[in-house]
Amino acid sequence: MKIKLFLSLILITTLNAVASDFSLIIHKPFDGALFDITQDYDRTISAVGFTKNYNQKTRQQEAYTNAFDYLSSVSHKYGKQMQLVKVDKGANIVLSKTASLAAFNEAVSVIKTPNNGYIIGGYTMDGSLLLMKLDSQANVLFSKQFGTKNFDKMNSLVPLRDGGVLAVGSSFTSRSSYDDAFVSGLGNDDIYLTRFSKNGQKLWSKKYGTEYDDHGINAVEAPDGSLLILAATLYDKHKDVTLMRLSENGNKIWLKHFKSTKLTEPKKIIFLKDNNFLVSLAQYNEAGKAHIRLIKFDLYKNILADKEIKTTYASVLNDIQEFSNGKIIGVGYVKDTFNTDGLAMIFDTHLTLLKQEHYGGKNYDTFNAVKILHNSQIAVAGVHTDKNSQEENMWIVKLNSDATMAQTAVNANDFYTQLCDLFAYKIKNKQLQITKDLRINIIDPRLYFQVGQYKLTPKQEAFIKKFAKKLVAFLHKHQDQVKTLEINGHTSSEWKNANFEKRYLNNADLSAKRSLETLKALFKAQNTQEQKWLTEILKESGLSYKDKVMLNAKEEKKKSRRVTFKIILK
């Protein structure tokens with residue numbers, strides 16, 4: 001069944017381009033939350049979820065003879081509507097649109113299309129499932145409402161290699177012989193899957209279940225086109241994990257239950273680069289404290305690793321993704337008695353915890369979804385609650401690959417201003433000069449090279465190391481913007497008793513050696529993490545006497561014997 005969907009443009013708010021932590025909290029008049037996030041082809045970030053809107057005017061002029069009629073008239077006054085938010089590198093909102101449906105609804109997943117548009121999946125509060133295809137400006141290309149005649153809920157929308165999608169969720173048991181889905185009729189809820197083509201055509205829709213309640217949580221496509229389904233089975237006050245492999249047509253290949261005496265809640269399944277699969281689970285102990293459990297298995301349901309990550313506080317990973325180097329990033333929440341924070345964890349290829357970071361205030365904060373970006377930074381969507389507030393807000397965070405907070409992007413002028421502030425003392429003391437094209441010149445006479453010398457003096461080396469630690473730390477914070485850090489060696493134009501050719505080539509060799517020695521000192525001054533990043537951006541070169549220093553048409557030979565630094569932004 002098709003529905004008509006209207007999208008209304010929300011007022012776009014802009015922020016001043018000042019470098020700060022990339023943590024954008026979007027306040028609306030009522031509750032809001034974000035459940036999924038993706039990167040656009042122009043390197044912006046888009047996230048989906050819901051906001052609560054004023055949906056219906058109170059019919060004040062109508063008279064009611066009983067309280068039930070009146071309550072019915074105002075029961076949908078405020079309710080959820082799908083929300084899409086797009087932000088740029090500076091954490092500025094560049095697009096914000098809200099769905100407007102008669103039935104309140106929320107979006108749970110967003111998938112990019114080849115044309116930089118979106119496929120969004122969600123559900124209405126009265127039990128219908130929603131699928132929408134939008135263009136890059138969030139204009140509706142098509143919208144569909146589907147499901148059974150009973151109460152349905154979508155938990156995730158999974159991209160498939162043929163350009164189609166698989167909707168994963170649950171459906172209240174159907175007892176109608178006219179239902180076109182497979183009728184199990186045993187538990188109250190069954191796993192409910194629907195596959196669509198890239199054009200939005202429904203290919204099949206099926207139910208799977210046991211005599212207990214079963215909820216479809218997430219899925220992933222295997223290289224052979226089969227589908228791995230992650231689900232939860234509830235019985236006798238227990239919640240177990242169910243894994244199921246289906247053919248591309250939805251026929252069951254195998255099913256595996258992970259039964260436990262403890263409550264276990266499935267969260268996410270991903271396909272790994274080694275052709276295996278990884279599942280994130282929340283496992284609760286007798287006291288109700290949650291901790292993280294990661295299970296790695298192959299296509300034939302063989303368990304390759306089963307690891308529990310026990311932490312001081314209750315911790316859950318709602319989403320996991322794999323880096324190109326095989327490391328795993330997980331996001332979710334960490335909770336103590338009075339506070340819940342967003343949680344980010346990094347694991348190695350053996351699922352050993354390497355690092356964790358907590359983000360949030362003194363109320364309720366959680367991360368719901370993660371996306372690894374083109375530059376290995378991490379985009380996160382979630383929920384933030386202000387101090388002394390009960391209203392939840394949409395939350396977008398960008399992290400570095402080590403789970404530390406990334407910085408917002410700034411333009412070249414702001415970059416220049418911040419560099420000047422960073423080295424204000426050295427500029428004031430005439431040790432450094434910074435130009436608006438982001439070139440850094442060392443102008444202290446004590447730091448120039450002597451004629452024919454390229455090895456750093458103790459004074460030069462001490463200066464370079466101290467300067468380099470400050471500079472590289474600043475650039476690393478803004479790594480999303482920095483393309484290259486050039487170190488250029490320079491010479492004066494003379495070379496004793498040499499013709500033009502030898503004079504130039506000898507100076508070219510000397511300037512290159514000065515650049516290399518400076519690079520070595522700069523590189524050695526950094527920690528291992530920053531060194532690894534520097535290998536991606538460092539460039540050293542010798543410019544001979546090409547940029548010799550001139551004053552009143554006369555060469556300043558002493559000042560020409562130097563190194564300079566040039567920052568090139570993306």
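Read the figures in this text as sums done on the coordinates, not as results from a lab. All values derive from a computational prediction rather than experimental measurement. FYI the Cβ positions are ideal-geometry reconstructions off the backbone, even for glycines, and counts take in every protein chain you see.
General remarks:
- Beta bridges per DSSP with both ends in segment 452-570, % antiparallel, nearest 5: 65 percent
- Here the 3J(HN,Hα) profile of segment 366-375, calculated from phi with Karplus coefficients 6.51, -1.76 and 1.60 at θ = phi - 60°, is 8, 9, 9, 8, 9, 9, 7, 8, 4, 9 Hz, Gly and Pro shown as x.
- Counting 0.36 nm for each residue step from GLN137 to GLU536 and taking away their Cα separation leaves a gain of 140.3 nm.
- Largest-first principal axis extents of the Cα set of segment 350-494 (Å): 70, 39, 25
- Projected area averaged over orientations for segment 318-368, convex hull of C-alpha atoms, nm²: 3.6 nm²
- A crude spin-label estimate for the pair THR261 and VAL94, with each label 7 Å from Cα along the Cβ direction, gives 5.6 nm.
- Cα gyration tensor, segment 353-416 - rounded (a/c under 1.5), prolate or oblate: oblate
- Charged-residue dipole, Cβ positions (Lys, Arg, Asp, Glu), the chain about Cα centre, Debye nearest 20: 2660 debye
- With the simple model of a label 7 Å out from the Cα in the direction of the Cβ, LYS198 to ARG161 spans 1.4 nm.
- Using a Förster distance of 30 Å, the FRET efficiency for LEU505-ARG446 (Cβ separation, nearest 0.05): 0.55
- Dipole axis of segment 213-349 (+1 Lys, Arg; -1 Asp, Glu on Cβ), positive-most option in ASN318, GLY216, HIS238: HIS238
- The C-alpha atoms of the chain define a longest principal axis, and helix 412-422 lies at about 70 degrees to it.
- Computed about the Cα centre, the dipole magnitude for segment 414-569 is approximately 560 debye when only Lys and Arg (+1) and Asp and Glu (-1) carry charge, each at its Cβ.
- Over segment 414-569: Rg over Rh, Cα atoms, Kirkwood Rh: 0.97
- Efficiency of FRET from Cβ geometry, LYS387 and ASN251, R₀ 56 Å, rounded to 0.05: 0.60
- For the chain, the fraction of alpha-carbon pairs in successive 20 Å shells from zero, as %: 18, 43, 25, 12, 2, 0
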